[in-house]
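Undergrad: Here you go, one structure.
The values are calculated or read from the model by the stated rules, or taken from the named source; none is laboratory data. None of the values given here were measured: they were computed from a predicted structure. Note: ideal-geometry Cβ built from the backbone for every residue, glycine included; neighbour counts use all protein chains shown. Surface accessibility is based on the protein's heavy atoms, side chains included, excluding ligands, DNA and RNA. Shrake-Rupley method; radii C 1.70, N 1.55, O 1.52, S 1.80 Å.
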Amino acid sequence: MPHINPHINFNGNAEEAFLFYQSVFGGSFTRVVRFKDMANEHFTPLEKEANNIMHIALPIGSSTLMGNDVPEFMGPTNERENRSKIVVHAATKEEADQLFNGLSAGGEIEMPIDNSPWGSYFGMFRDKYGIEWMVEFDAANSAS
């Protein structure tokens with residue numbers, strides 16, 4: 001069965017964002033690679049980007065959230081126009097509240113977490129890094 005993991009691009013603040021995500025979800029990074037780690041005769045990172053993130057991975061449940069900083073030569077990524085959303089399915093209503101409140105801190109709430117018309121406990125927001133999230137707990141589809 002295929003497995004899907006989200007990957008997020010940043011403009012030089014991937015490490016800051018991933019430390020924030022780690023503070024909410026917990027866990028340890030399985031991989032952190034910086035541009036300076038990739039330097040060779042074919043690739044020399046700009047000095048100001050040497051410590052930027054080439055790849056970072058944070059396991060969350062059975063998935064892994066991955067990301068990187070976009071090198072300057074590739075142009076900036078427009079974090080405010082990211083129309084994809086990362087959906088987190090919580091195991092309990094309490095976990096949904098914890099994740100929603102933690103991840104949305106400093107961001108913009110688009111739909112406060114509450115009982116939805118379709119029967120789940122649901123909320124939607126853009127975090128302080130411009131990444132869009134949905135948090136949901138669906139008691140009808142929960143193993144709890």
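Undergrad: Note down the magnitude of the dipole of the range 1-71 about its Cα centre, charges +1 on Lys and Arg C-beta and -1 on Asp and Glu C-beta and zero elsewhere, to the nearest 20 debye.
TA: Computed about the Cα centre, the dipole is about 180 debye.
Undergrad: Angle between the Cα long axis of helix 14-25 and the longest principal axis of the chain, 0 to 90 degrees, nearest 10?
TA: 30
Undergrad: Nearest 500 deg cm²/dmol is fine: what mean residue ellipticity at 222 nm does the chain get from its DSSP H runs of n ≥ 4 alone, each adding -39,500 (n - 2.57), divided by its residue count?
TA: -5000 deg cm²/dmol
Undergrad: Roughly how many percent of the accessible protein surface of the range 5-144 is carbon and sulfur, given a 1.4 Å probe and a whole-percent answer?
TA: Here carbon and sulfur together make up 50 percent of the probe-accessible area.
Undergrad: Still on this structure: Can you give the charge dipole size of the chain about its Cα centre, rounded to the nearest 20 debye, using +1 on the beta carbon of Lys and Arg and -1 on the beta carbon of Asp and Glu?
TA: I would put it at about 180 debye.
Undergrad: May I ask you to list the aspartates and glutamates whose Cα is less than 16 Å away from that of LYS36, ignoring any residue fewer than eight positions away on the same chain?
TA: Straight-line reach from LYS36, under 16 Å: GLU15, GLU47, GLU49, ASP69, GLU72.
Undergrad: Here is a further query. Would you please state which residues of the range 1-34 a label at SER62 would reach in this model, taking the label point 7 Å out along Cα→Cβ and a backbone N cut-off of under 19 Å?
TA: Within reach of a label on SER62: 1-7.
Undergrad: Hey, in the GNM for the chain with a 10 angstrom Cα cutoff, which one of PRO117, PRO59, PRO45 fluctuates hardest?
TA: Judging by the Gaussian network model, the answer is PRO117.
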